[in-house]
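Colleague: After the structure tokens below, expect a handful of questions from me.
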Amino acid sequence: MIKRRGQVVIDKILDTAEHLFYTQGYHNTGINQIIEEADIAKASLYKHFTSKADLMVAYLERFHRVWYERLENAVARVDDPKQKLLAVLDHHKERQKIRENGGCPLIKANGETSGEDPRILAEIQSAKSRLKKFIAKLVANSNHKQIVNNTELTEMVFLMLEGGVAIGSVYKNGADLSNAKKIIEKFI
């Protein structure tokens, strides 16, 4: 598929913004830096994004879409229903390794920007809600041991996953996601 020129420019801008927002933060990233590192004209940026907040929303929307596609693909490669649930943790551990255990891009964005524009918070909440619903579906299909009910297991998996990613960013390793997986295995 051949991309239109406008889409190529948008992708360059979003790729650059994603890298900079994640590595140095939203507030530490200026529009001029994005323009310079994306190697585009200022007019090109403003043609597609009227403000920095618009750029952040577009980055989060694209990140959410790509992130969810990767998650679905990772889980789809697994046949066993219980292992599908554990594959969610494996996928996040692998993604964190790629990000050098820098933490969740959505949580980082929330910490910096959620009070500034309701669209930003809405996109972050949408992504997290979608993840929890995805986990709930996997739990319902897992035929788990029923030590806890489906709702409780969903909450446990979701919170251990989120906590493992957060603590992994503090200690710069995936040990807590591995520990979360071992605990969850006992419940499924």
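Every number here is computed from the coordinates shown, using simple stated rules; none is lab data. Nothing here was measured: the structure is a model prediction, and the numbers come from that model. Note: ideal-geometry Cβ built from the backbone for every residue, glycine included; neighbour counts use all protein chains shown.
Colleague: Per residue, what volume in Å³ does the Cα convex hull of the chain take up?
Modeller: 121
Colleague: Compute the distance from the alpha-carbon center of region 30-51 to that of region 62-85, in whole Å.
Modeller: Result: 33 Å between the Cα centres.
Colleague: Also, quick follow-up: For Tyr46, what charge total do you get from the other residues with a beta carbon under 14 Å from its beta carbon, if Lys and Arg give +1 and Asp and Glu give -1?
Modeller: Net charge in that neighbourhood comes out at +2.
Colleague: Okay, moving on. Using only the Cα atoms of region 1-40, build the gyration tensor, take square roots of its eigenvalues as a ≥ b ≥ c, and label the shape rounded, prolate or oblate: rounded if a/c is under 1.5, else prolate if a/b is larger than b/c, else oblate.
Modeller: Judged from the Cα gyration tensor, region 1-40 comes out prolate (a/c at least 1.5, a/b above b/c).
Colleague: Kindly identify region 126-188 as rounded, prolate or oblate by the Cα gyration tensor criterion: order the square roots of the eigenvalues as a ≥ b ≥ c, call it rounded if a/c is under 1.5, otherwise compare a/b with b/c, prolate if a/b is larger, else oblate.
Modeller: Taking the square roots of the gyration eigenvalues as a ≥ b ≥ c, region 126-188 is oblate.
Colleague: Here's something else I'd like to know. What percent does the relative contact order of region 52-187 come to when contacts are Cα pairs within less than 8 Å and at least six residues apart?
Modeller: 31
Colleague: A further question follows. With springs connecting C-alpha atoms under 10 Å apart, model the chain as a Gaussian network and identify which of Ala76, Ala109, Ala136 has the largest mean-square fluctuation.
Modeller: Comparing Ala76, Ala109, Ala136 in a Gaussian network model of the chain, the most mobile one is Ala76.
Colleague: If you add up the charges near Phe187, with Lys and Arg at +1 and Asp and Glu at -1, over every other residue whose beta carbon is less than 12 angstrom from its beta carbon, what do you get?
Modeller: +2
Colleague: At most 14 other Cβ atoms within 10 Å plus a DSSP loop assignment makes a site exposed; report the longest stretch of the chain without any exposed trypsin sites (Lys or Arg not before Pro).
Modeller: The reported range is 5-76.
Colleague: Along region 37-46, what does the Karplus equation 6.51 cos²θ - 1.76 cosθ + 1.60 (θ = phi - 60°) give for ³J(HN,Hα), rounded to whole Hz, x for Gly and Pro?
Modeller: Result, ordered by residue: 6, 7, 6, 10, 7, 4, 4, 5, 5, 6 Hz.
Colleague: Moving on to the next point. Does anyone have the angle between helix 150-171 and the longest principal axis of the chain? Alpha-carbon axes, 0 to 90°, nearest 10?
Modeller: The angle comes out at about 50 degrees.
Colleague: Still on this structure, please answer the following. In sequence order, what are the phi-derived ³J(HN,Hα) couplings for region 63-77 according to the Karplus relation 6.51 cos²θ - 1.76 cosθ + 1.60 with θ = phi - 60°, rounded to whole Hz, with x for glycine and proline?
Modeller: Values per residue, Gly and Pro as x: 4, 4, 5, 5, 4, 5, 4, 4, 4, 4, 5, 5, 6, 5, 6 Hz.
Colleague: What is the local net charge at Gln96, summed over the other residues whose Cβ is closer than 14 Å to its Cβ (Lys, Arg +1; Asp, Glu -1)?
Modeller: That works out to +3.
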